[in-house]
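Read the structure below first, then the notes.
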Amino acid sequence: MSEHLLEVRGIDAYYGPIQALREVSLHVDKGEIVTLIGANGAGKTTLLNTLFGNPRALVGHILFRGEEITRLPTYQIAKRGLALVPEGRHIFPGMTVEENLVMGTIPVGMEHADEDRQAMFELFPRLEERRDQRAGTLSGGEQQMLAIARALMARPEMILLDEPSLGLAPLVVKRIFEVLREIAGLGKTIFLVEQNANHALKLADRGYVLVNGVIELQGSGKELLGNPQVRQAYLGGH
Amino acid sequence: MDWHILGQQLVNGLTLGSIYGLIAIGYTMVYGIIGMINFAHGDVYMISAYLTAISLAVLSAFGVESVPFAIVVTLGLTMFITGVYGWSIERVAYRPLRGSTRLAPLISAIGISLLLQNYVQVAQGARNQGIPSLIDGVFRVGNDKDFVQMTHVQLLIVIASFGAMAGLTWLIQRTSLGRQCRATQQDRHMAEILGINTDRIISTVFVIGAAMAAIAGTLVTLNYGSFDFFVGFVTGIKAFTAAVLGGIGSLPGAMLGGILLGLFESLFSGFVNTDYKDVFSFSVLVLVLIFRPSGLLGRPEVEKV
């Protein structure tokens, strides 16, 4: 039995014919903010997708709350208390903001929907202003907020985010990271995949560095921020 | 201008169009959710015509005399069994091909279409089948020479079709199942990540499409009384035309396209030529594909980057 909330043990995954992950092992404990940084194409997104069963890990094990989820169908993973905010946000563009939020409640049912939606509107006042608007008409930052809020509607124990700052203006990025801190304050465990290593490592308790599908470095956020290799490769070398 | 002919053709067109609309729903919903044209859908409609006749025969053999009761039971039974057909077809012929090329399920659909036609031909015979007329009576407006009439069956067709379309619209727009269908249509992988069993949703869509075709099959059989194992082909292609006209993938588009196509076809029959009405309908299809490929209410497909 593992004591970690999420534990990944030696997984290999392929993206088409290319091996994207090689014996990746990592863990996230309850209440932690853990980040995974790495260059484009290092396998960060593949790792998150593998946690959700697509592509499947061909070797190794993924355990969540001590329970093996490696071979579960994707739709059952959300029901275990794991939520993913994917790269590119993937909101439902033809639905209203409110309907998008309701889509987040699938794993837990509608029982707390009203209360949770109100909490989301307090966290993201912009969403309340636009609640009846089609989500496809929102700005990039608003869509990212909506994607995060939708994931929280499932009352997940742990939330996985794939590059939430991608393509957003610096002020919006700042706001997103503030929100992540607030979410962590609510007792959610966060696993954050980022290219924006500077912001991510400042926020995170611990971090991993993925290079060509292999975990090269790990340590606390501070250690990695101070590591010359990391500074050279991901923080612009200054 | 003969106003009574115009009026009559509008009534006929509305009736025919409601039927096209009901069948078009099956094409458009399946296309919307998995991006394939289910060419076996017309034959599912054909199956429902046979089921209607069988059910009515069985009910009368059991001594059921109330016509409304017999029709309601037949409708329910036909929708259910046709739904089972729709579910099975998806399970057997399309789901195993998911994730392969786009062409594979299309070919598989043609195979299922031929299979259903030949199975019915062997099981029920190649000759025309028929049922006696159950509902008589007409509403008539005008004098003895020039009049517009609507039979009670036509009225039933229009009311039942609009009722079914309204019910389905409510289901898709307002219920949790409907939201899950729309989510699966808009972004299947994301729907899965949020905990929706999209395979189950896709099955449900096939069942809904088949049930709508079954309503059409029962109503048409009550109206014309005659059918054979091949009726699904032309009607199916017409309904497909209606779905394309309205914008394939769009539910209101399928209903609108069906009604418009029915009206066009009836007006063409009434004022130009009856023999060439199919040519006219398919010319509409060609023109839509050339000038407005996304249909009346469809959204143009935007390349994702």
>> Pull out all pairs, ordered by first then second residue, where Cβ-Cβ is under 9 Å, the residues are six or more apart or on different chains, the first lies in the stretch A:145-170 and is free of Cβ contacts under 8 Å to residues at least 40 places away in the same chain, and the second is part of a strand (DSSP E or B).
In response: A:Ser165/A:Glu194
> What residue, among those in the stretch A:31-74 that are of a type outside the set (Val, Ile, Thr) and in contact with a Lys or Arg (Cβ under 6 Å, 6 or more places away or on another chain), is nearest to the other protein chains (Cβ to nearest Cβ)?
Replying inline: A:Phe64
> Hey, A:Phe92 hits all of (1) in a loop (DSSP other than H, G, I, E, B); (2) at positive phi but one; which does it fall short on?
Replying inline: (2)
> Given the residues B:Gly236, B:Gly232, B:Gly225, B:Gly262, which is the only one that is touching a His at 6+ places or on another chain (Cβ under 9 Å) and more than 30 Å from B:Asp187 (Cβ to Cβ)?
Replying inline: B:Gly232
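Let me confirm something: among A:Gly207, A:Gly219, which residue is under 17 Å from A:Leu48 (Cβ atoms) and assigned by TED's automatic domain parsing to the domain that holds A:Ile18?
Sole residue among the options that is under 17 Å from A:Leu48 (Cβ atoms) and assigned by TED's automatic domain parsing to the domain that holds A:Ile18: A:Gly207.
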> If you take the residues in the stretch A:75-88 that are more than 9 Å from chain B (Cβ to nearest Cβ) and surrounded by 21 or more Cβ atoms within 10 Å (Cβ to Cβ), which one is nearest to A:Ala154 (Cα to Cα)?
Replying inline: A:Leu82
>> For the structure I just gave you, tell me whether A:Phe121 is among the hydrophobic types (A, V, I, L, M, F, W, C) and without any contact (Cβ under 8 Å) to a residue 24 or more places away in the chain.
In response: yes
>> Looking at the structure I just gave you, is A:Leu161 surrounded by 14 or more Cβ atoms within 10 Å (Cβ to Cβ), in contact with a Phe, Trp or Tyr (Cβ under 9 Å, 6 or more places away or on another chain), within 14 Å of chain B (Cβ to nearest Cβ) and not hydroxyl-bearing (Ser, Thr, Tyr)?
In response: yes
>> Please pick out the residue among B:Gly217, B:Gly209, B:Gly195 that is on the phi > 0 side of the Ramachandran plot and surrounded by 22 or more Cβ atoms within 10 Å (Cβ to Cβ).
In response: B:Gly195
>> Let me confirm something: among B:Ile202, B:Ile208, B:Ile157, which residue is under 20 Å from the mean Cα position of the chain (by Cα) and over 27 Å from B:Thr15 (Cα atoms)?
In response: B:Ile202
> Does at least one position in the stretch A:31-48 carry a residue that is without any contact (Cβ under 8 Å) to a residue 60 or more places away in the chain, more than 15 Å from A:Asp162 (Cβ to Cβ), over 13 Å from the mean Cα position of the chain (by Cα) and surrounded by fewer than 21 Cβ atoms within 10 Å (Cβ to Cβ)?
Replying inline: no
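The values are calculated or read from the model by the stated rules, or taken from the named source; none is laboratory data. For clarity, every value in this text was computed on a predicted model and none was experimentally measured. A quick note on method: Cβ atoms are made from the backbone with ideal geometry, for glycine too, and the neighbour counts reach across all protein chains shown.
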